[in-house]
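Data block below; observations after.
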Amino acid sequence: MAPEGTDNNSKPDEALKSAREDIDRIDREFVKLLAERMDVVRRVGSAKREDPEAPLRDLERERHIFEFWARQAEDQGISGYFAGRVLREILNYSRRHQERLLDTDVPANNEVRTVRVGYQGIEGAYSDLAISKLFSTRSCATLDRCGFRSFTDAVDALQSGEIEYALLPIENTVAGSINEVYKLLAEREILVVDEEVWAVEHCLVGLPGATADRIRVVRSHPVALQQCERFLDGLVGTKSESWFDTAAAARSVAEATDDTLAAICSEEAAENHGLVVLRRGIADQADNMTRFVLVGLESEPVDERIPGKTSLIFTVAHRRGALASCLQAFASQDVNLSKLESRPLPHAPWEYLFYVDIDGWITEERVVTALDEIRSHTNHLKVLGSYPRRIDVGEEAVPGTSSLDPAPMAAMPPASIPPPVENLKLSGLRESSERTVVRVGRIELGGDGFVLLAGPCAVENRSQIMDAAAMVKKHGASILRGGAFKPRSSPYSFQGLGFDGLDLLAEAGAAYEMPIVTEVLRAEDVDRVAMKADMLQVGARNMQNFELLKKLGTVNRPILLKRGMSATIDELLLAAEYIMAGGNRRVVLCERGIRTFETSTRNTLDVSAVPVLRSRTHLPVIVDPSHAAGRRDLVIPLSLAAVAAGAAGVIVEAHPRPEEALCDKEQALHLEDLEALHSGIRSILAAQGREMS
Ligand code: PEP
Ligand code: MN
């Protein structure tokens, strides 16, 4: 008779075995279905290739797919969020496949050729892994990879024709820019033709049988050692040794017989050398990403439907404002900067070289215009390359997958809304229905998070604005408001402290780490106010002050444009158009109540303006319930209505001692009101799948 334990153990063993067999069977089906789906994706790609007018992405369609997945997942009892994450990966891969099909150099007959790609390091190095990732969708070619000892060796091989491309790491989220690579790009006749990102997961690896507590020597590339400093400090009695590459360090461990040796490298490099992972994810910082550039000798044909990116380096003329003029040139052409970094220029003390990445192809008119303008402010400018943008920066997120468009908004029938007025060339909704995210300091309006802007009507004195900043910060505000110049109906009312008030507001913003917004009344004050304020407000009484609007079109600051109390929605949009036509595209619209026959409230909040505006413009829309209501007790319910209607934020007036307020005391919230407002907003946001910024 078998010992008792055997029988008992064999049951769970069998159950586990059979469950695992089921999982393997399902996974086989899964992968088969994925391959089948990719076949169809290729058919879609070919159709787009035949029709140059077809957009690469159809955000509406993507939104439906996401909704479909989420519904199906939830019907099956699994999380819609989880299904959405899986789908996002599938769609990213599909999109890159389609982009490849649009590359005009793909041979129609899919004939396979060999491409030689160089990198620094040996097999299994992070660069080598990134090559596999990039070429999995980039071309139909088979790969021949060659590892080189240094970046310079790889570039020499490229220039001598030994290899066709080199993949070089250019920046890391922890270690910053890799200057040696920038130097090569600056000095050699080579061009960036593509990019790739690799999420680095450093592992401690050793020989089979090794254990982390017995390791005495850890080998790796110096950057990897530095990125795992805290972990290494915890391995008492070990010493670190620098190797030229993480995978080479792994190879050296594999070649030794000493199991007190370990390396830090990728899991793939460990596998390549028969090593085992002793610890995973040992970097001090969790998000460790490296961006690589693929360099070649010639630029490659592109399809402008694929989002592009252009990298530049330049040095500016030695005069005040030269760099600001360059940046303004990008801003006025609506060219987004995704990177700006400066480095000292060797042999020229106190002169700087700027590394800049912009969104857009070098052939796009707005990019050409911006670069023409920039040339007059720079001593030296070199375009390092224009290539497909592979990094999703979030602004392009599919509506509906983030909270960019609260779910209830999707259900609104757009057909019932009258068509927009003409002339909204810049503020009108784009075909792609992409929405603009306006950054105020580090806060994003119109992005994923809902923004609470709060503060007193007017800045009255230091202690008042400091106390106000503290109270609004405590209850969820991320932008501080406060009037320094007050447009009062009566000439005898308090008119604001002017620039002194602005200084106090800036001090409070800095103390509580909140960007500040304040109203500017006159065109001639704009530049000076823009020096201190993070966002400039146009008040309701000034919405059609066209000279002011034109001036605001020239500053590099976001604008909060309030709806005039007798203005139609079309007039509000045309006012925004004035600012945008001047070159400033960072406009946030604010519904603040309009004049009606109703006298119970100071104005009548036009809640419908929120969805109507969202159906006509890509600009963020916020609501000011304080000036709409003029009564403290209505501010919370109106704020909640604004959230429900899909506003990107609300701006409310709050005062540490409302009874003493010099301006608009009846509508100023107390500390407790702010608390209730904050919690009310959060509950509506939760229902919409949104969060506070
Ligand atoms: C304000 O926000 O301080 C203000 C004066 O508002 P409005 O221009 O909307 O009246
Ligand atoms: Mn006010």
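Rule-based calculations on the coordinates, nothing more; no lab input. All of these numbers come straight from a predicted model, not from anything done at the bench. With ideal geometry, Cβ positions are generated from the backbone for all residues, glycine too; neighbour counts draw on all protein chains shown.
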Output for the range 258-319: trypsin sites (Lys or Arg not before Pro) sitting in coil per DSSP, at most 15 other Cβ within 10 Å, listed by number, reads ARG280, ARG319
Tilt, helix 126-138 to longest principal axis of the chain (alpha-carbon atoms), in degrees rounded to tens, equals 70 degrees
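What is the fewest-to-most order of THR596, THR378 by other Cβ atoms lying within 10 Å of their Cβ?
Working: THR596 12, THR378 20.
Listed from fewest to most nearby Cβ atoms, that is THR596, THR378.
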Residues other than VAL44 with Cβ under 14 Å of its Cβ, Lys/Arg counted +1 and Asp/Glu -1, net out at +4
Straight-line reach check, LYS474, cutoff 22 Å on alpha carbons, 8 or more apart in-chain or any other chain, hits among lysines -> LYS665
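On a full-extension model of 0.36 nm per residue, what is the gain between ALA686 and GLU598, subtracting their alpha-carbon distance, rounded to one decimal in nm?
Numbers: separation 88, 0.36 × 88 = 31.68 nm, distance 3.31 nm.
Roughly 28.4 nm would be gained on extension.
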From the Cα centre of the range 527-542 to that of the range 261-326, the distance in Å is 38 Å
Looking only at aspartates and glutamates whose Cα falls under 16 Å of LYS17's and that sit 8 or more positions away or on another chain, we get ASP7, ASP27
Whole-Hz Karplus couplings 3J(HN,Hα) for the range 561-574, θ = phi - 60° and coefficients 6.51, -1.76, 1.60, Gly and Pro as x, run 9, 8, 6, x, 6, 10, 8, 7, 5, 4, 5, 4, 5, 5
Here the longest stretch of the chain that holds no GluC sites (Glu not before Pro) in a DSSP loop having at most 11 other beta carbon atoms within 10 Å is 432-597
Of all DSSP beta bridges with both partners in the chain, the antiparallel percent, nearest 5, is 55 percent
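Shape call for the range 425-568 from the C-alpha gyration tensor, a ≥ b ≥ c root eigenvalues: rounded (a/c under 1.5), prolate (a/b greater than b/c) or oblate? Walk me through the numbers before you get to the answer.
Values: a/c = 1.81, a/b = 1.18, b/c = 1.53.
Here the range 425-568 falls in the oblate category.
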Checked the range 165-206 with the C-alpha gyration tensor, a ≥ b ≥ c its square-rooted eigenvalues, rounded below a/c of 1.5, otherwise prolate if a/b is larger than b/c and oblate if not; verdict prolate
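Set the bar at 26 Å for Cα to Cα. Now go through LYS309/LYS382; LYS473/LYS550; LYS339/LYS425; LYS382/LYS551 and name every pair that lies beyond it.
Values: LYS309/LYS382 15 Å; LYS473/LYS550 33 Å; LYS339/LYS425 28 Å; LYS382/LYS551 32 Å.
Too far apart for the 26 Å limit: LYS473/LYS550; LYS339/LYS425; LYS382/LYS551.
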Going fewest to most other Cβ atoms within 10 Å around each Cβ, PHE30, PHE231, PHE450, PHE244 line up as PHE30, PHE244, PHE231, PHE450
Going fewest to most other Cβ atoms within 10 Å around each Cβ, SER489, SER342 line up as SER489, SER342
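Going by a ≥ b ≥ c, the root eigenvalues of the Cα gyration tensor, does the range 115-168 fall in the rounded group (a/c under 1.5), the prolate group (a/b larger than b/c) or the oblate group?
On the way: a/c = 2.26, a/b = 1.27, b/c = 1.77.
In terms of gyration-tensor shape, oblate.
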Computed over the Cα atoms of the chain, the Rg and Dmax in Å are 29.3, 105
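So for the chain, averaging the separation of alpha carbon pairs under 8 Å that are six or more residues apart and normalising by length, what relative contact order in percent results? List each step's numbers first, then the result.
Details: 1366 pairs, mean separation 67.8, N = 693.
So the answer I get is 10 percent.
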